[in-house]
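Q: The structure follows.
The values are calculated or read from the model by the stated rules, or taken from the named source; none is laboratory data. Please read all numbers here as calculations on a predicted model, not as lab measurements. Backbone-built Cβ (ideal geometry, glycine too); neighbour counts: all protein chains shown. With ligands, DNA and RNA removed, areas are computed over all heavy atoms of the protein, side chains included. Shrake-Rupley method; radii C 1.70, N 1.55, O 1.52, S 1.80 Å.
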Amino acid sequence: MTGWIGDFFRFWWALFYWNARKAWFRLRGAHRDDCPCQNVSDSGLAMDTRCEGITHWNEPARFRRICPLLTQTPAGWRCAVEAERVRPFWGRAIGYVATGLLACYLTGTVVAYYALRAAHYDLSYRTVVWPPRWSELHGAQEKLYAGRAQQALARGNYQEALLSLERVCQLNPHNYSAGLALARLTQVAAQSDISDHIYERLMRDVPEQRIPTAQIWFRSLLSRAAYDKIMPLAATMLSEDPAQRGVWLHALLFAARQSHASQFLGTVLRENPHLPEWCTELLTCEQALLENRTERALLLLTHAHRQPPASFLPYYQVERLRLSGHADQANTLLLAYGHHLPADEAVFLRLGIYHAKGWLSRLPSEHENLFQFPLSLQFASRFCAYLIVHRSPGLLARYLDRFSQQGPPLTAETIPVYQANYLAAALTNDSVRAEKIHTQIAQFTSSDARVLHGLVEVLKSGKPDPRLKQILPLASLPTEVLYAILEQQAGAGPK
């Protein structure tokens, strides 16, 4: 065995050494006295001259793989040609080297393949052995870390999930679902700056999902009351998302009102001269209100458009009149618009006006009207928002009983409404229905819904609480409910 190992290493050394010397010999003129591999004391004739190359080999026959001129004779191993005809065999050398490299490569790929499979990489051997398919290794690695992130989330190990998702996003910045999951997890981990950076990157790197990303990011910002970031985002999307222009304008005006940012509204008006006239009108109106130019604002707010160009226009006018303390004008304008407003939306506007005016005797009839509308997710969200602000045990009981019978089943899509139902029940001290909803949520999420308990404690006091900005992002709630909670907290603050 030792002799074979020695010959093995001599083979690779001799493959280049003797072929190089023979090549140099041929270039210098192939003179008998200069032959590098024949014994100089021999005749130099064919079949009569010994080979210097096999002197230290354990088995001389192995040298024939390097030089086939070596021949076995009765007198021993001899060279089969005269000294002048000694030549190199580079073809053999290249063939052996190529074969050796191929064997090493195939061995390496087999080892790599089984190592990767042992590490749970989902790939075929062809992916490992064929270089044009090596790019698929990144995809396999991406799937591996994505799977690890899902498993970590299932175990409740959020730190491991964060690390795995970060690796997925490094491997593929265009992995939209992983980016969204990472943004949400970093928000839960109270790393809001990192979360915002991820959303911003997704809007840039995945332009085909820019609008949905902006909508998700907005809800994240709203839950944190990050008005300084909501305003530029909403201003940008006013032009980029015309189908939802009313939604973005509502977000912009709400954020500007809460942060008293009249100057920003002026900037939006200057930098967006091509916005529709109705948008410009509402921006101008809000700016005037924030700058205490009430007469100018009322002139715009009380003007009833015969054919409103957007459904948000009459809604904003009526609601803003009520919020600014002009409930009578709001009621008059609401009557003037009539069928231009959706019927369910008009009911909630009237309820807001009645509460502002103290017309409590009119509330029951409007409450009855609420039960005439289909129980869609949006309607349920508005109903919950109303109940969270105006806590009515009787109305709550009727609504929740109807929801339990006619409402949608609990799914990932409907859980925000279910959590809003729980908030409304808990804040109204309906412990029986609150516990029933809590049990449903806990079973679905496999958690104790501790965040909802904390949110109830914060909201029950009815006073501004700095903990709200920490707890609210952890609860998945409809946008309408977020607006209602933030509006109520702002109204409960110092005037």
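Q: Would you mind getting me the FRET efficiency between Arg126 and Val188? Use the beta-carbon distance for r and R0 = 41 Å, nearest 0.05.
A: 0.50
Q: Amide H neighbours of Ala226 under 5 Å, counting only residues 5+ apart in sequence or on other chains, H built in-plane at 1.01 Å?
A: none
Q: I would also like to ask the following. Round to a whole angstrom and tell me the spacing of the C-alpha centers of region 383-452 and region 326-369.
A: Using only Cα atoms to place each centre, the spacing works out to 25 Å.
Q: Suppose we flag GluC sites (Glu not before Pro) only when DSSP calls them loop and at most 15 other Cβ atoms lie within 10 Å. Which is the longest uninterrupted stretch of the chain? Could the numbers behind the result be given before it?
A: Numbers: sites that count: Glu291, Glu413.
Answer - 1-290.
Q: So, R0 is 51 Å and r is the distance between the beta-carbons of Arg65 and Gln170; what FRET efficiency does that work out to, to 0.05? Can you show the working numbers first?
A: Details: r = 49 Å, r/R0 = 0.96.
Computed FRET efficiency for Arg65 and Gln170 comes out at 0.55.
Q: If you don't mind, there's one more thing I want to ask. Mind ordering 472-478, 370-376, 74-80 by average Cβ neighbours within 10 Å, highest first? Don't skip to the answer; put the middle values down first.
A: Values: 472-478: 20.7, 370-376: 13.0, 74-80: 15.0.
Highest mean packing first, the order is 472-478, 74-80, 370-376.
Q: How far apart, in nanometres, would the label points at Glu291 and His453 be if each is projected 7 angstrom from Cα along the Cα-to-Cβ direction?
A: 5.1
Q: Counting only C-alpha contacts under 8 Å and six or more residues apart, can you give the relative contact order of the chain as a whole percent? Present the calculation step by step, with values, prior to reporting the outcome.
A: Numbers: 515 pairs, mean separation 36.1, N = 495.
RCO, the chain: 7 percent.
Q: In Å, what is the Rg of the alpha-carbon atoms in the chain, and how long is Dmax?
A: Taking only Cα atoms of the chain, I get Rg and Dmax of 40.2, 132 Å.
Q: Let me ask something else about it. Between region 289-313 and region 25-93, how far is it from one alpha carbon centroid to the other, in angstrom?
A: One Cα centre to the other: 106 Å.
Q: Sort 93-106, 225-238 for me by packing, meaning the mean count of neighbouring Cβ atoms within 10 Å per residue, highest on top. Numbers along the way, then the final one.
A: Details: 93-106: 11.9, 225-238: 20.6.
The packing order, highest mean first, is 225-238, 93-106.
Q: Let me ask something else. Restricting to DSSP loop positions (anything but H, G, I, E, B) with no more than 10 other Cβ atoms inside 10 Å of their own Cβ, which trypsin sites (Lys or Arg not before Pro) remain in region 288-379? Can you show the working numbers first?
A: On the way: sites: Arg293, Arg296, Arg306, Arg320, Arg322, Arg350, Lys357, Arg362; in loops: Arg293, Arg306.
Loop-located and lightly packed - Arg306.
Q: Can I ask one more? Using only Cα atoms, tell me the angle between helix 327-337 and the longest principal axis of the chain; keep it within 0 to 90° and round to the nearest 10.
A: 70
Q: Defining a contact as two alpha carbons under 8 Å apart and six or more residues distant in sequence, what relative contact order in percent does region 356-478 show? Kindly include the intermediate steps, with their values, before the conclusion.
A: Details: 87 pairs, mean separation 29.5, N = 123.
Relative CO of region 356-478 lands at 24 percent.
Q: Is it possible to state the helix-based mean residue ellipticity at 222 nm for the chain, with each DSSP H run of 4+ residues giving -39500 (n - 2.57), the sum divided by total residues, to the nearest 500 deg cm²/dmol? What is it? Spell out each step's value before the answer.
A: Values: 24 runs with 327 residues, N = 495.
Taking each H run of at least 4 residues, the total per residue is -21000 deg cm²/dmol.
Q: What dipole magnitude, in Debye to the nearest 20, does the chain give about its Cα centre under +1 on Lys/Arg Cβ and -1 on Asp/Glu Cβ? The partial results should precede the final answer.
A: Values: 51 positive and 43 negative charges, 232 e Å.
Dipole size: approximately 1120 debye.
Q: Label-point separation (nm) for Thr109 and Phe373, each offset 7 Å from Cα along Cα-to-Cβ?
A: About 6.5 nm, to one decimal.
Q: Quick one: if you stick a label point 7 Å off each Cα along the C-beta vector at Asp42 and Leu163, how many nm between them?
A: In this crude spin-label approximation the distance works out to 6.7 nm.
Q: On average, how much accessible surface per residue is there in region 428-495, in Å², for a 1.4 Å probe, leaving out ligands, DNA and RNA?
A: On the way: 3760 Å² over 68 residues.
Heavy-atom SASA per residue in region 428-495 reads 55 Å².
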